[in-house]
Every structure is written in C-alpha cells, then in structure tokens.
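K.L.:
Here you go, one structure.
The values are calculated or read from the model by the stated rules, or taken from the named source; none is laboratory data. Small disclaimer: the values here were computed from a predicted structure and weren't measured. FYI the Cβ positions are ideal-geometry reconstructions off the backbone, even for glycines, and counts take in every protein chain you see.
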C-alpha cells in the first residue's frame, strides 16, 4: 500500500522547533542560571540593598526594573541563538544535521531565530515577577497594557535573536570570550539599563552615540509600557528602531549563515 502522505515545509519547521524547545526544557536549569544570574544580582544589590541602606532613593527601582528586564530578555535571546550557532559551526559541523532536513536554508535560520524569540520572552516574563519579589513595591509600575508589553517584548526579542544569528555566524569558538567582552559588556553599560536615555542630556555627544546600541531601545521600550511615569522614548520610535534592527540583522545574519553553511 502506497502512503500518499506529504511532508510539507511547515511540518518540518514545526518539528524542528518542537525538538529545540524540548532540548531547551531539558536544559532549563542551566538556561535560567545563564540568563537570570546577572539580572537577579543587579536587583538584589541596586534594587534592594542600596535603597535599604539609603544609598539610593527608593524610587530608583522604578527606573531599574524595566532595564533589568531588558537585559534578561536581550541576553537570553542573543545567547540562545549565538552560542549554539558557534558550536554548530565548529569542528564537528553539527549544523549539517539541520541543513540535511527537507527545509529551505533560510527557514532553517528562521527556526533558530524563533527559538531565540521564545526564550527571550520567557526570560522577560520570569524576571518581571521576580523583580517584584526581590525589590518589593515598584512605584509607578503598571501592567494595564499587557498587549503593548507583550508586543514590545516580541519586537525586542526578535531584534536580539536576529543579532544572535549574525554574531553566531561571524564569531568562531575561540572568539566567544572576546565577543562578550568587546560587544556585550559595552552594550550593557551603555544600553540605558540603569538610567533613562533622557538623563544622558547632560552629556549630549554620548546621548547621541548610544542610539547605535539596540539595547537602548529595549530598555526605553520596557519603561514606556511598564513605568510610563519615568522619562522614556516615544514607543512608536522604539518600535520603528527595533523593527529596523531586526530587518538589518536578519539580512546580514542570513548572508553570513549561507556563507558558513556552504563553506
């Protein structure tokens, strides 16, 4: 008897996505430690200890929480794509297992990005209540715009997931440490995570320069939807910028992915 069942590209895409999510679920402990350790320490020190010691005003937690959420979301999205990509393109060439699937190469890359988006959003959703537990009441925090909050998280995770694709294809295994020292660390400190972008008006040249940092838009976007009472960028400007970052990073990332896949 002949089986006329046809396996479509969408079937393969969903199967690969389900497999990667199962792997992520099995490694949930390691993933949580990797993505939540730094945000948790930031909230304990800057959101709990320093205000309790009256070295920082209590209201500072209103500025800090959206920034910490942005850091967690962005790091989770970029790492969940970049680190496996670097390993897959290593000496073992594990990426070939994916490329042999009956799926167009650009859809293989897209599936990796989608996994990063999901993991970034999950990290953000965990940090939000965790921050409330660690730091206590956050003045001005509102969850009335859940739709806008989720939309901003999707845009943010998409931007950093596609950046992860680009970085994962551009960096070799022996350059991972350099990537985090030279790229990620400056991005964190100048990503308006600990302070609002509006506050940089005291250093005008720096206020303009940090606009090249995509984390600025994630931090400002989170402030706009979670703590609208804190100075923040126009959410429409943030959405436009994050969309632009996603499109540009996807274009460069896909080119790099094709180049490494063929090579």
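K.L.:
Looking at (1) at pLDDT below 75; (2) surrounded by 15 or more Cβ atoms within 10 Å (Cβ to Cβ); (3) outside any helix (DSSP H, G or I), which is the only condition residue 98 fails?
P.N.:
Failed condition: (3).
K.L.:
Only one of (1) under 18 Å from the mean Cα position of the chain (by Cα); (2) within 14 Å of residue 148 (Cβ to Cβ); (3) surrounded by fewer than 15 Cβ atoms within 10 Å (Cβ to Cβ) is not met by residue 225, so which one is it?
P.N.:
Result: residue 225 passes all but (3).
K.L.:
Checking residue 226 against (1) modelled with pLDDT of 95 or more; (2) farther than 13 Å from residue 155 by Cα, only one condition comes out false. Which one?
P.N.:
(1)
K.L.:
Here's a follow-up. Hey, among the residues in segment 1-31 that are part of a loop (DSSP other than H, G, I, E, B) and either in contact with a helix residue (DSSP H, G or I) (Cβ under 7 Å, 6 or more places away or on another chain) or at pLDDT below 80 (or both), which one's nearest to residue 115 (Cα to Cα)? Even if it seems obvious, please write down each step before you answer.
P.N.:
Going through segment 1-31, the residues part of a loop (DSSP other than H, G, I, E, B) turn out to be 1-8, 27.
Imposing the further condition that a residue be either in contact with a helix residue (DSSP H, G or I) (Cβ under 7 Å, 6 or more places away or on another chain) or at pLDDT below 80 (or both) reduces the set to 1-7, 27.
Working: 1: 38, 2: 35, 3: 32, 4: 31, 5: 27, 6: 25, 7: 22, 27: 14 Å.
Per the criteria, the residue is 27.
K.L.:
What tally of residues in segment 241-256 results from selecting those that are under 14 Å from residue 215 (Cα atoms) and either surrounded by fewer than 19 Cβ atoms within 10 Å (Cβ to Cβ) or out of contact with any helix residue (DSSP H, G or I) (no Cβ under 8 Å at 6 or more places or on another chain) (or both)? Please lay out each step first, then the result.
P.N.:
Taking segment 241-256 first, the residues under 14 Å from residue 215 (Cα atoms) are 241-246, 249.
This time we only want the ones that are either surrounded by fewer than 19 Cβ atoms within 10 Å (Cβ to Cβ) or out of contact with any helix residue (DSSP H, G or I) (no Cβ under 8 Å at 6 or more places or on another chain) (or both), so: 243-244.
Number of matching residues: 2.
One line per residue, one yes/no per condition, for (1) at pLDDT 90 or above; (2) not in a loop (DSSP other than H, G, I, E, B):
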| residue | (1), (2) |
| --- | --- |
| 49 | yes, yes |
| 68 | yes, yes |
| 90 | no, no |
| 107 | no, yes |
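K.L.:
In segment 27-53, which residues are free of Cβ contacts under 8 Å to residues at least 40 places away in the same chain, within 15 Å of residue 136 (Cβ to Cβ) and either loosely packed, with under 14 Cβ neighbours inside 10 Å or touching a strand residue (DSSP E or B) at 6+ places or on another chain (Cβ under 9 Å) (or both)?
P.N.:
45, 49, 52, 53
K.L.:
Could you grab me the full set of residues in segment 133-149 that are under 21 Å from the mean Cα position of the chain (by Cα) and touching a residue at least 12 places away in the same chain (Cβ under 8 Å)?
P.N.:
143, 145, 148, 149
K.L.:
If I go through segment 51-66 residue by residue, how many of them are more than 28 Å from residue 156 (Cα to Cα), assigned to a helix (DSSP H, G or I) and touching a helix residue (DSSP H, G or I) at 6+ places or on another chain (Cβ under 8 Å)?
P.N.:
1
K.L.:
Separate question: Quick check: anything in segment 161-168 crowded, with 18+ Cβ neighbours inside 10 Å, part of a helix (DSSP H, G or I) and modelled with pLDDT under 85?
P.N.:
Yes: segment 161-168 contains one or more residues that are crowded, with 18+ Cβ neighbours inside 10 Å, part of a helix (DSSP H, G or I) and modelled with pLDDT under 85.
K.L.:
While we're on this one: Is it the case that residue 148 is outside any loop (DSSP other than H, G, I, E, B) and either over 22 Å from residue 40 (Cβ atoms) or at pLDDT below 90 (or both)?
P.N.:
Values: outside any loop (DSSP other than H, G, I, E, B): yes; either over 22 Å from residue 40 (Cβ atoms) or at pLDDT below 90 (or both): yes.
Against the criterion (outside any loop (DSSP other than H, G, I, E, B) and either over 22 Å from residue 40 (Cβ atoms) or at pLDDT below 90 (or both)), residue 148 qualifies.
K.L.:
Among (1) surrounded by 17 or more Cβ atoms within 10 Å (Cβ to Cβ); (2) touching a helix residue (DSSP H, G or I) at 6+ places or on another chain (Cβ under 7 Å), there is one condition residue 105 misses while meeting the rest; what is its number?
P.N.:
Against the list (1) surrounded by 17 or more Cβ atoms within 10 Å (Cβ to Cβ); (2) touching a helix residue (DSSP H, G or I) at 6+ places or on another chain (Cβ under 7 Å), residue 105 comes up short only on (1).
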